[in-house]
Protein chains: 2
Amino acid sequence: MTGNEALVQVLRNALGKDGVRTDPDVTASYSRDMMPLAPVGRPLAVVFPADTEQVRAVVRACAAAGVPIVPRGAGSGLSGAANAIDGCVVLVTTRMNEILEIDPDNRLAVVEPGVVNLDLRGAVEKHGLFYPPDPSSYDWCTIGGNLSTNAGGLCCVKYGVTTDSVLGLEVVLADGSLLKTGRRTVKGVAGYDLTKLFVGSEGTLGVITKAVLALRPLPQAPATLVAAFGNTADAGTAVTRIVREGVVPSLMEIMDSVSIKAVEQHLRTEVGPPGCEALLLCQSDSGGEAARRELEAIEQACKASGADMTYVTEDLAEGQMLLTARRAVLTALEVYGAWLTDDVCVPRTAITDLIAGCAEIGARRQVKIAVCGHAGDGNMHPTLVYDPNSAEEFERARIAFDEILELGLSLGGTVTGEHGVGKIKREWLAREIGPVGLAVHRSIKAALDPGNLFNPGSMFGVA
Amino acid sequence: MTGNEALVQVLRNALGKDGVRTDPDVTASYSRDMMPLAPVGRPLAVVFPADTEQVRAVVRACAAAGVPIVPRGAGSGLSGAANAIDGCVVLVTTRMNEILEIDPDNRLAVVEPGVVNLDLRGAVEKHGLFYPPDPSSYDWCTIGGNLSTNAGGLCCVKYGVTTDSVLGLEVVLADGSLLKTGRRTVKGVAGYDLTKLFVGSEGTLGVITKAVLALRPLPQAPATLVAAFGNTADAGTAVTRIVREGVVPSLMEIMDSVSIKAVEQHLRTEVGPPGCEALLLCQSDSGGEAARRELEAIEQACKASGADMTYVTEDLAEGQMLLTARRAVLTALEVYGAWLTDDVCVPRTAITDLIAGCAEIGARRQVKIAVCGHAGDGNMHPTLVYDPNSAEEFERARIAFDEILELGLSLGGTVTGEHGVGKIKREWLAREIGPVGLAVHRSIKAALDPGNLFNPGSMFGVA
């Protein structure tokens with residue numbers, strides 16, 4: 001029996017036969033997330049632990065065998081962080097999908113990592129509560145994945161990212177020990193903020209097996225505003241004015257002309273007036289007079305910035321319909337080819353420059369680039385379209401992808417606003433944080449995972 | 001020349017004569033914060049660097065000499081974290097007090113650590129902006145101290161603690177290198193969240209020399225509600241009802257009967273109706289109809305929980321006056337003796353049990369204990385009064401202090417909600433986080449500060 005066979009046997013003993021899969025069809029289907037640029041390895045096995053003790057058994061067995069572990073949830077990620085490396089064990093948390101507790105009086109929930117974001121949203125809504133983080137994949141991504149990537153979404157402009165909704169974690173460390181971080185109270189400063197260190201660590205420091213999440217009161221039904229602009233710069237100016245006015249909408253999304261045209265073609269309807277080159281979509285969930293006041297201020301800012309058209313509705317269904325255009329962008333782009341979505345976050349004053357720069361890169365590299373994103377927090381998703389059957393076109397898309405990151409950094413931004421570093425932006429992380437930052441990352445990794453067991457080579461390599 | 005004399009000479013060369021003080025009067029005055037329980041050592045020297053390069057020079061010199069550094073700001077802390085240890089160099093950041101930038105369009109400020117919280121609040125207010133963290137000492141504490149302790153305040157119930165307002169840091173590490181963490185953008189997930197690791201690390205990992213802070217739009221002028229209860233349990237029930245109603249006030253403070261009586265004696269006026277055993281003070285800064293709606297819901301919850309009296313005012317000056325009672329508690333207690341304030345945070349449903357438990361401990365230990373605190377987030381400050389000339393009474397207060405922490409933990413809480421661990425709660429931290437948590441703390445400390453240069457023995461000891 002080889003070492004690998006022995007490891008698989010140990011895993012089977014611990015998890016049962018159906019908890020360990022080694023057939024290539026199955027392992028291949030769990031070997032990658034949604035990012036086409038990232039390298040993909042061949043796992044030795046895929047394991048589906050059912051509880052924390054089984055996770056600990058997997059960690060101990062792999063540590064003893066010197067076989068790396070790549071943890072993952074649903075695989076909706078966009079950085080390749082969950083992609084397998086050759087010979088690894090992929091640890092899938094989707095069987096650990098229980099909502100263990102909802103405590104309305106303390107506004108918190110305790111969940112296992114495999115709970116689907118939408119399921120948690122639905123469960124807490126019954127108690128009049130709200131779990132804000134809403135990545136685009138919220139109907140299938142898992143809380144564990146959201147925690148590992150510090151996922152964002154449309155809500156962030158008002159409610160922050162995942163880390164802002166986490167009170168505490170349970171994490172299996174590289175030696176199999178069980179770490180509890182944080183607390184069940186709203187505040188607490190006992191020791192280092194290990195909770196927020198593990199959130200966003202992309203599976204490189206341990207396996208999250210439980211989370212205590214902070215909930216908010218369910219907001220009011222949102223009122224919606226849409227504004228159309230004859231050029232992107234005016235839409236960018238409107239964003240700056242809205243920020244300066246002191247309005248905090250619950251959603252503020254922007255679409256450039258490429259996004260608009262793709263959606264119009266896809267939905268076979270006009271989503272803006274003739275000559276519309278940029279759309280701004282905003283919501284307020286403050287309710288009643290407060291929402292009206294906020295949207296009025298936003299409308300004024302849009303008009304003062306040269307909007308050709310503004311429209312406000314308090315009707316929920318109509319508001320949802322207006323958002324359809326934004327939500328349809330990625331699907332709509334598929335009429336042109338496969339897509340590759342980037343993720344830069346720039347100061348809110350630099351959104352116009354980013355969109356203009358993307359247009360320039362697209363023209364120079366002859367790649368169609370649609371820019372849409374979360375204007376309220378400057379987190380933009382330039383999305384490149386390429387012919388999946390043309391290696392040459394894919395290569396041009398890859399170059400444009402990097403040039404967009406370069407542009408984002410030059411505008412004072414970051415190379416990832418919410419998707420993460422994973423296996424595609426290692427060099428960019430190194431560039432953004434510099435040698436001292438990288439050395440600190442490596443020293444923390446070495447302190448918590450000296451054998452480089454968890455997701456090795458993702459985010460950054462060892463020195 | 002001894003090694004110490006040589007070090008002082010190196011420091012003088014780097015900082016100039018008035019940047020380094022060794023006269024015992026001066027060093028003694030910089031050797032402690034506001035916590036009477038914490039041990040105090042005798043510093044070798046107190047240094048006042050004027051910029052980042054001078055901080056680096058101090059760190060390099062002390063590292064080379066093997067002399068520990070205790071960083072501090074104004075010294076308003078309540079955990080002894082800033083207390084000197086024998087033979088250390090106390091590094092005071094108060095000379096680095098420049099607001100380097102206010103960017104209203106991106107709602108951020110860049111500051112040096114010695115900026116006083118109130119000065120920053122005032123400066124950003126001129127731009128219609130708001131820096132939420134408001135510890136009680138906001139008129140003299142520094143941002144650097146706030147960052148190191150992850151300070152809270154009255155605002156937390158709606159706006160979170162310091163870490164929620166920090167985008168990035170510049171930190172001098174133990175080897176003198178300069179780490180930049182975080183970013184200037186609203187969102188960003190490039191690498192580990194080092195920013196939030198350094199926030200609240202109480203000077204044990206490095207010296208913060210610059211911070212990029214997130215600002216919010218200035219809220220509306222607050223409307224205020226005060227509710228009086230005939231017993232504490234009813235006030236606790238009201239808090240639970242308010243939380244369950246989904247209201248998020250901008251302030252929600254509670255005072256027990258001991259606090260009320262002390263303040264009445266101090267201010268020579270009644271602050272509640274006859275028989276008032278607990279007061280709840282709430283504000284809404286949502287403005288207009290929204291504020292009225294929130295305070296109405298709070299008033300209803302108070303009445304339904306048995307409040308004897310409720311009073312609401314939209315008048316700003318009157319609201320401030322109503323808060324005077326809360327702000328006067330510590331000063332008022334000084335008529336009885338010296339005070340020692342504790343800091344536990346419990347689930348919001350456990351506030352009543354905490355107050356009742358403190359009354360029991362006070363009776364048993366014959367120590368007067370006034371409980372007031374941030375009811376909205378469960379962060380309570382039981383404050384013990386003792387005769388500073390009686391070692392025996394001080395000892396009883398010390399025992400009661402610990403029994404309150406014990407009680408807080410037993411109620412599912414944490415041993416520090418906002419003051420920190422410092423040099424008084426090391427054993428309590430170890431107890432709260434357990435051996436695995438402590439081992440992780442030590443490994444991170446060893447990774448970033450292998451020579452144990454920064455604030456050694458504070459928060460936790462090396463193994």
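Please go through the range A:95-105 and give me each residue that is of a type in the set (A, V, I, L, M) and surrounded by fewer than 24 Cβ atoms within 10 Å (Cβ to Cβ), ordered by number. A:99, A:100, A:102, listed by residue number.
Looking for whichever is of a type outside the set (Ser, Thr, Tyr), over 21 Å from the mean Cα position of the chain (by Cα), open to solvent by 20 Å² or more (accessible area, probe 1.4 Å) and at the interface with chain A (Cβ under 7 Å from one of its Cβ atoms) here; the options are B:436, B:462, B:440. Which one fits? Unique residue meeting the criteria: B:436. Considering the range B:283-390, the qualifying strands (runs of 3 or more DSSP E), each wholly inside and each with 2 or more residues that are under 22 Å from residue A:184 (Cβ atoms) and either of a type in the set (Gly, Ala, Ser) or touching a helix residue (DSSP H, G or I) at 6+ places or on another chain (Cβ under 6 Å) (or both), run over B:368-374, B:379-386. None of B:262, B:291, B:297 is among the small types (Gly, Ala, Ser), closer than 19 Å to residue B:373 by Cβ and in contact (Cβ under 8 Å) with a residue 24 or more places away in the chain except B:262. Step by step: first the residues of the range B:150-159, then only those that are within 8 Å of the chain's Cα centre (by Cα) and part of a loop (DSSP other than H, G, I, E, B), then the one that is farthest from the other protein chains (Cβ to nearest Cβ). Which residue is that? Of everything passing the filter in the range B:150-159, B:151 is farthest from the other protein chains (Cβ to nearest Cβ).
Checking each residue in the range A:200-252 for being open to solvent by 10 Å² or more (accessible area, probe 1.4 Å), in contact with a Cys (Cβ under 9 Å, 6 or more places away or on another chain), within 14 Å of another protein chain (Cβ to nearest Cβ) and farther than 27 Å from residue A:165 by Cα picks out only A:241.
Inside the range A:119-144, residues that are within 14 Å of chain B (Cβ to nearest Cβ), in contact with a strand residue (DSSP E or B) (Cβ under 7 Å, 6 or more places away or on another chain) and outside any loop (DSSP other than H, G, I, E, B) make up a count of 3. Counting residues in the range B:289-312 that are closer than 30 Å to residue A:294 by Cβ, modelled with pLDDT of 95 or more, open to solvent by 10 Å² or more (accessible area, probe 1.4 Å) and among the β-branched types (Val, Ile, Thr) gives one or more. Among the candidates B:167, B:147, B:197, the residue that is part of a helix (DSSP H, G or I), more than 7 Å from chain A (Cβ to nearest Cβ) and of a type in the set (A, V, I, L, M, F, W, C) is uniquely B:147.
For residues in the range A:106-152 being among the β-branched types (Val, Ile, Thr) and more than 19 Å from residue B:248 (Cα to Cα), which is surrounded by the most Cβ atoms within 10 Å (Cβ to Cβ)? Ranking the candidates gives A:149 first. Just one of the numbered conditions (1) in a loop (DSSP other than H, G, I, E, B); (2) more than 14 Å from chain A (Cβ to nearest Cβ) is not true of residue B:421: (2).
Could you tell me whether the range B:54-70 includes any residue that is open to solvent by less than 60 Å² (accessible area, probe 1.4 Å) and within 23 Å of the chain's Cα centre (by Cα)? Scanning the range B:54-70, I find at least one residue that is open to solvent by less than 60 Å² (accessible area, probe 1.4 Å) and within 23 Å of the chain's Cα centre (by Cα), so the answer is yes.
Confirm whether residue B:225 is under 29 Å from residue A:442 (Cβ atoms) and modelled with pLDDT of 95 or more. No. Just one of the listed residues (B:81, B:38, B:50, B:45) is buried (at least 22 other Cβ atoms within 10 Å of the Cβ) and more than 23 Å from residue B:450 (Cβ to Cβ), namely B:45. Evaluate the following for residue B:186: is it modelled with pLDDT under 95, closer than 30 Å to residue A:78 by Cα and not basic (Lys, Arg)? Yes. For first residues located in the range B:172-188 and open to solvent by less than 10 Å² (accessible area, probe 1.4 Å), partners that are modelled with pLDDT of 95 or more and among the basic types (Lys, Arg) and lie 6+ apart or on another chain with Cβ distances below 7 Å form the pairs B:172/B:56; B:176/B:56; B:176/B:60. For residue A:433, work out the one condition from (1) free of Cβ contacts under 8 Å to residues at least 12 places away in the same chain; (2) in contact with a strand residue (DSSP E or B) (Cβ under 9 Å, 6 or more places away or on another chain); (3) farther than 21 Å from residue A:404 by Cβ it doesn't fulfil. If we test residue A:433 against (1) free of Cβ contacts under 8 Å to residues at least 12 places away in the same chain; (2) in contact with a strand residue (DSSP E or B) (Cβ under 9 Å, 6 or more places away or on another chain); (3) farther than 21 Å from residue A:404 by Cβ, just (3) comes out false. Against the numbered list (1) more than 26 Å from residue B:281 (Cα to Cα); (2) surrounded by 18 or more Cβ atoms within 10 Å (Cβ to Cβ); (3) away from chain A (no Cβ under 14 Å), residue B:366 comes up short only at (2).
Touching a strand residue (DSSP E or B) at 6+ places or on another chain (Cβ under 7 Å), under 15 Å from residue B:256 (Cβ atoms), within 8 Å of chain A (Cβ to nearest Cβ) and in contact (Cβ under 8 Å) with a residue 24 or more places away in the chain: does that describe residue B:413? So residue B:413 does not fit the description; no. Restricting attention to the range A:329-349, which residues are among the small types (Gly, Ala, Ser) and open to solvent by less than 10 Å² (accessible area, probe 1.4 Å)? The answer is A:332, and nothing else. Looking only at the range A:245-272, which residues are closer than 21 Å to residue A:223 by Cα and modelled with pLDDT under 95? Selection gives A:245, A:246, A:247, A:248, A:271, A:272.
The values are calculated or read from the model by the stated rules, or taken from the named source; none is laboratory data. Note that the coordinates shown come from a computational prediction; the quantities given were computed from them, not determined experimentally. Note that each Cβ is placed from the backbone with ideal geometry, even for glycine, and that neighbours are counted across all protein chains shown. Quick note on the areas: whole protein, heavy atoms, side chains included, nothing else; ligands and nucleic acids left out. Shrake-Rupley method; radii C 1.70, N 1.55, O 1.52, S 1.80 Å.
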